[in-house]
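Enquirer: What follows is a structure written as structure tokens; I'll ask about it next.
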Amino acid sequence: DQASAFISSQIAKGRFAYIRALKLIDHRNPVYVSAVHEMLLNPDTTAWTAYQGVTYLWNIGTPAAVDVLRDAYDRDIHKQDFRTRMHICEALAALGDERGLSDAFEALGELFGMTEEPADAEQREQWEDRREDLQEGAEDLLQRASKAAIESFVGSKIEKTDSATYRRALTEMLWYLPENPKAMLPTLHTWKAEADNSLLGDLDKLLSRE
């Protein structure tokens, strides 16, 4: 009808009042999926607005909504905004598409690589905020992803990963499985023999589950 068409046009333009209404009132109405898609593709859309659009699509959960989320991910929409990017990944994982596991892996790699705490107070606060975002973003996604998808992803990386930082990332991902996959145990023991102190403690804990 005319009212829905008008609301859709305002959502597509990213108008704050209508995005807020979408969040508070119409978050279960699938009629606005196309409008949200158009809004996400708009380069002028703010990160906050995009985040609300992703939440709407997640709540709707229809095949059309999932397709929009996939398109947003594949086009790297708002990839520069970490929280929005990980929100897309988490929404997809919750809806059965774990393509964002590579983002969790990269986030953990960055997190474990941040070993030097800045001396400057302002820089230290930014450093701490970034670490918190990285940890929470990866955790939220991994909690949504299926165990089978996590095992498959780690299995695809484990023989190709030489960096201690990214080995720690894969070790962390394995904690989201109920047990260590038997096929990965020889590699994990090899890593332990080669590990520096930062990785050794993580591996000791993980391998104690055997």
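Enquirer: Return yes or no: is GLN52 out of contact with any Asp or Glu (no Cβ under 7 Å at 6 or more places or on another chain), polar (S, T, N, Q) and at pLDDT 95 or above?
Expert: no
Enquirer: I've got another one for you. Which of the residues belonging to segment 60-82 are surrounded by fewer than 16 Cβ atoms within 10 Å (Cβ to Cβ) and within 18 Å of THR46 (Cα to Cα)?
Expert: ASP71, ARG75, ASP76, LYS79, GLN80, ASP81
Enquirer: How many residues are open to solvent by less than 40 Å² (accessible area, probe 1.4 Å) and either within 18 Å of ASP81 (Cβ to Cβ) or in a loop (DSSP other than H, G, I, E, B) (or both) if we restrict to segment 107-124?
Expert: Total meeting the criteria: 4.
Enquirer: Would you mind listing the helices (runs of 4 or more DSSP H) fully within segment 1-58 where at least 1 residues are open to solvent by 60 Å² or more (accessible area, probe 1.4 Å) and of a type in the set (S, T, N, Q)?
Expert: Because the criterion is at least 1 residues that are open to solvent by 60 Å² or more (accessible area, probe 1.4 Å) and of a type in the set (S, T, N, Q), the helices (runs of 4 or more DSSP H) in segment 1-58 that meet it are 2-12, 33-41.
Enquirer: Further, regarding this structure: Among the residues of segment 65-75, is there at least one that is aromatic (Phe, Trp, Tyr) and under 27 Å from SER163 (Cβ atoms)?
Expert: Yes, segment 65-75 has at least one match.
Enquirer: Mind checking whether some residue in segment 131-151 is more than 24 Å from ASP202 (Cβ to Cβ), touching a helix residue (DSSP H, G or I) at 6+ places or on another chain (Cβ under 7 Å) and open to solvent by less than 40 Å² (accessible area, probe 1.4 Å)?
Expert: no
Enquirer: So, of the residues in segment 152-198 that are hydrophobic (A, V, I, L, M, F, W, C) and farther than 23 Å from LEU134 by Cβ, which turns out to be surrounded by the fewest Cβ atoms within 10 Å (Cβ to Cβ)?
Expert: Result: ALA193.
Enquirer: Sticking with this one: Taking ALA164 as meeting all but one of (1) out of contact with any Leu (no Cβ under 6 Å at 6 or more places or on another chain); (2) at pLDDT below 95, write down the number of the exception.
Expert: (1)
Enquirer: May I ask you to list the residues in segment 86-104 that are charged (D, E, K, R) and either more than 16 Å from VAL154 (Cβ to Cβ) or without any contact (Cβ under 8 Å) to a residue 24 or more places away in the chain (or both)?
Expert: If the condition is that a residue be charged (D, E, K, R) and either more than 16 Å from VAL154 (Cβ to Cβ) or without any contact (Cβ under 8 Å) to a residue 24 or more places away in the chain (or both), then GLU90, ASP97 are the ones that fit.
Enquirer: A further question on this structure: From the list LEU101, LEU92, LEU108, LEU207, which residue is within 13 Å of the chain's Cα centre (by Cα), more than 30 Å from ALA64 (Cα to Cα) and of a type outside the set (Phe, Trp, Tyr)?
Expert: Unique residue meeting the criteria: LEU108.
Enquirer: Take segment 99-129 and flag every residue that is more than 16 Å from GLU172 (Cα to Cα) and among the polar types (S, T, N, Q).
Expert: Selection gives THR115, GLN123, GLN126.
Enquirer: Which one of these does ALA104 not meet: (1) over 20 Å from GLU90 (Cα atoms); (2) buried (at least 17 other Cβ atoms within 10 Å of the Cβ)?
Expert: If we test ALA104 against (1) over 20 Å from GLU90 (Cα atoms); (2) buried (at least 17 other Cβ atoms within 10 Å of the Cβ), just (1) comes out false.
The values are calculated or read from the model by the stated rules, or taken from the named source; none is laboratory data. Since the model is a prediction, treat every value here as computed from it, not as a measurement. Here Cβ is always computed from backbone atoms with ideal geometry, including for glycine, and neighbour counts include all displayed protein chains. The area values use the complete protein model at the heavy-atom level, side chains included, leaving out ligands, DNA and RNA. Shrake-Rupley method; radii C 1.70, N 1.55, O 1.52, S 1.80 Å.
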